[in-house]
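Each reported figure results from applying straightforward, stated rules to the coordinates on display, with no laboratory input. Predicted, not measured: the structure shown is a model, and the values here were computed from it. Reconstructed Cβ throughout: ideal geometry from the backbone, glycine too, with neighbour counts over all protein chains shown.
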Amino acid sequence: MSNPITGGCQCGAVRFRAGKLSDPTICHCRMCQKAFGSFYAPLATAHDLVWTRGAPKLFQSSNRVLRGFCETCGTPLTYDYGAGPAIAIGALDHPGQAAPLVQVCVDDRQPFVDGLADLPVREFGPESDEARFMATIQTYQHPDADTDTWPPADNQTA
């Protein structure tokens, strides 16, 4: 897992740096499903974690787990059961730095998850309605890199 290891939330209000990542995992437990609004939570243990802009708001999701998220945009960022924080792999600037190696809590795994890669792919031609729609989108998401300031002066968000 190469350095530098950086990441943050969707809006850029919270940014972090880690010295090293370990134990990249997919958790299928129902609490992780709800916390991530997804079928599972991809997480990696973050060593030497430093918040370089802002800090996550914390939510005690159980008697054992504290979860961190961006208070502004809601991006899930951390999972901590007392052994040190794990970072959401999707919040990394380069998620490929932490390809999951193991799955946990598979009893809660949604039955369709194993077949997701086999679903048909819908591709859109360059002249399709979908392609024209996508061409009109202007992202306000923070880039996958550290910035001196965010948001830019011409893109102030509420």
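Observations, loosely collected:
- Taking every DSSP bridge with both residues inside the chain, close to 90 percent are antiparallel.
- A crude spin-label estimate for the pair residue 63 and residue 136, with each label 7 Å from Cα along the Cβ direction, gives 5.3 nm.
- Full extension of the segment from residue 108 to residue 23, taken as 0.36 nm per residue of separation minus the current Cα-Cα distance, would add 28.6 nm.
- Of the GluC sites (Glu not before Pro) found in the stretch 106-143, those in coil by DSSP whose Cβ has at most 15 other Cβ atoms within 10 Å are 123, 127.
- Averaged over residues, the count of other Cβ atoms within 10 Å places the peptides 23-35, 67-79, 133-145 in the sequence 67-79, 23-35, 133-145, highest first.
- Exposure proxy ranking, count of Cβ atoms within 10 Å, fewest first, for 116, 66: 116, 66
- Remark: the residue 94-residue 72 segment gains 5.7 nm on full extension, using 0.36 nm per residue and subtracting the alpha carbon distance.
- Cβ-defined net charge surrounding residue 62, 13 Å radius [Lys, Arg +1; Asp, Glu -1]: +3
- When each of 114, 93 is scored by the number of other beta-carbon atoms lying within 10 Å, the sequence from fewest to most is 114, 93.
- Take every Cα pair under 8 Å whose residues are at least 6 apart in sequence, average their separation, divide by the length of the chain, and the relative contact order is 28 percent.
- For the stretch 48-158, the fraction of alpha-carbon pairs in successive 5 Å shells from zero, as %: 2, 8, 11, 16, 16, 16, 14, 11, 5, 1, 0
- Under 11 Å, Cβ to Cβ, from residue 50 - net charge with Lys/Arg +1 and Asp/Glu -1: +2
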